[in-house]
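The values are calculated or read from the model by the stated rules, or taken from the named source; none is laboratory data. Worth saying up front: this structure is predicted, and the values here are computed from it rather than measured. Glycine gets a Cβ as well: all are built from the backbone with ideal geometry, and neighbour counts include every protein chain shown.
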Amino acid sequence: MSFVSVICEGECEMDFVQGVLGPHLSIKGITVQGTVVGKKVSRDLASSPGGILKFDPLYRHIRAELRRVSSPTSVVTTMVDLYAFPRDLDGFGAISEIADPYERVIQLETLLQRRIGDTRFFPYVQLHEFEALVLSDMEILRRELDESDATEGIGRLLADLGDLEPEEVDQSPQGAPSKRLQRFLPGYRKRTMARSVTSQIGCDRLRRRCPHFGSWLDRLEALSPSAPL
């Protein structure tokens with residue numbers, strides 16, 4: 001059986017890994033375990049704080065996980081946001097100037113891979129933050145809110161997003177996915193609703209709506225012992 005250690009930016013990513021991604025991959029013979037940046041496995045409780053202010057804690061956590069999970073069938077990956085990614089990573093400044101968000105995030109992942117320098121590590125950086133996954137199905141989000149004004153709020157949110165796909169919703173302080181959710185759907189509670197919404201959407205629909213996430217999921221699924229060589 002293959003093993004995947006996912007280093008998460010915070011609580012919601014951890015919830016997603018344990019409650020949505022893990023069950024999806026377990027069917028394919030892949031065991032998944034999540035940790036929050038800076039926290040030990042045994043202390044990954046729901047109340048563990050997350051967020052990455054500096055690159056060094058993420059770097060040290062990745063290196064520690066690579067030492068801890070040393071079997072040839074084990075890999076280490078990440079689930080961290082492009083939004084507010086620590087700017088003190090050498091080379092990040094030039095990457096942040098790339099206009100196309102998909103090219104930007106691919107270049108950042110390539111930089112992380114080179115910085116770590118271990119073939120058992122492949123990074124995943126979420127475009128632009130975790131809430132992009134929540135935006136992948138507005139009807140499920142509306143049902144989860146179950147409020148009289150949710151339909152109106154969803155309508156205003158959709159109008160604000162226009163033709164943007166979930167991963168294209170930008171990372172500005174006013175336009176990031178989480179900020180738009182707060183502005184148009186004040187009843188949305190990230191800590192209690194994100195896992196439920198993404199679980200109902202399911203990994204296969206998330207793959208279709210969010211192609212960068214989909215590429216990561218494809219790569220994880222390819223670790224299955226039953227996957228074609």
- Query: Out of all the residues in the range 199-207, is one or more on the phi > 0 side of the Ramachandran plot, surrounded by 14 or more Cβ atoms within 10 Å (Cβ to Cβ), not in a helix (DSSP H, G or I) and not basic (K, R)?
  - Reply: yes
- Task: State all residues of the range 74-95 that are surrounded by 15 or more Cβ atoms within 10 Å (Cβ to Cβ) and touching a Lys or Arg at 6+ places or on another chain (Cβ under 9 Å); if no residue qualifies, say none.
- Result: S74, V75, V76, T77, L82, P86, L89, I95
- Query: Given the structure, is M193 free of Cβ contacts under 8 Å to residues at least 60 places away in the same chain and closer than 20 Å to G10 by Cα?
  - Reply: yes
- Message: When you check A84 against the structure, is it outside any loop (DSSP other than H, G, I, E, B) and of a type outside the set (D, E), yes or no?
- Response: no
- For the range 174-193, does any single residue satisfy the condition of being hydroxyl-bearing (S, T, Y) and modelled with pLDDT of 95 or more? no
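Each row is one residue, and each column tells you yes or no for (1) modelled with pLDDT of 80 or more; (2) under 17 Å from the mean Cα position of the chain (by Cα); (3) assigned to a loop (DSSP other than H, G, I, E, B); (4) assigned by TED's automatic domain parsing to the domain that holds T77.
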{"site": "L25", "(1), (2), (3), (4)": "yes, yes, no, yes"}
{"site": "G34", "(1), (2), (3), (4)": "yes, yes, no, yes"}
{"site": "K39", "(1), (2), (3), (4)": "no, no, yes, yes"}
{"site": "S42", "(1), (2), (3), (4)": "no, no, no, yes"}
{"site": "A64", "(1), (2), (3), (4)": "yes, no, no, yes"}
- Lone qualifier among R191, R156, R183 - being under 25 Å from G22 (Cα atoms) and basic (K, R): R191
- Pick from the range 210-220 the residues that are surrounded by fewer than 18 Cβ atoms within 10 Å (Cβ to Cβ) and touching a residue at least 12 places away in the same chain (Cβ under 8 Å): which of them is nearest to A84 (Cα to Cα)? P211
- Could you tell me whether E167 is modelled with pLDDT of 95 or more and either under 18 Å from P211 (Cα atoms) or in contact with a helix residue (DSSP H, G or I) (Cβ under 7 Å, 6 or more places away or on another chain) (or both)? yes
- Could you check, for the range 113-134, whether at least one of its residues is within 28 Å of V32 (Cα to Cα), outside the structural domain of V32 (by TED's automatic domain parsing) and surrounded by fewer than 21 Cβ atoms within 10 Å (Cβ to Cβ)? no
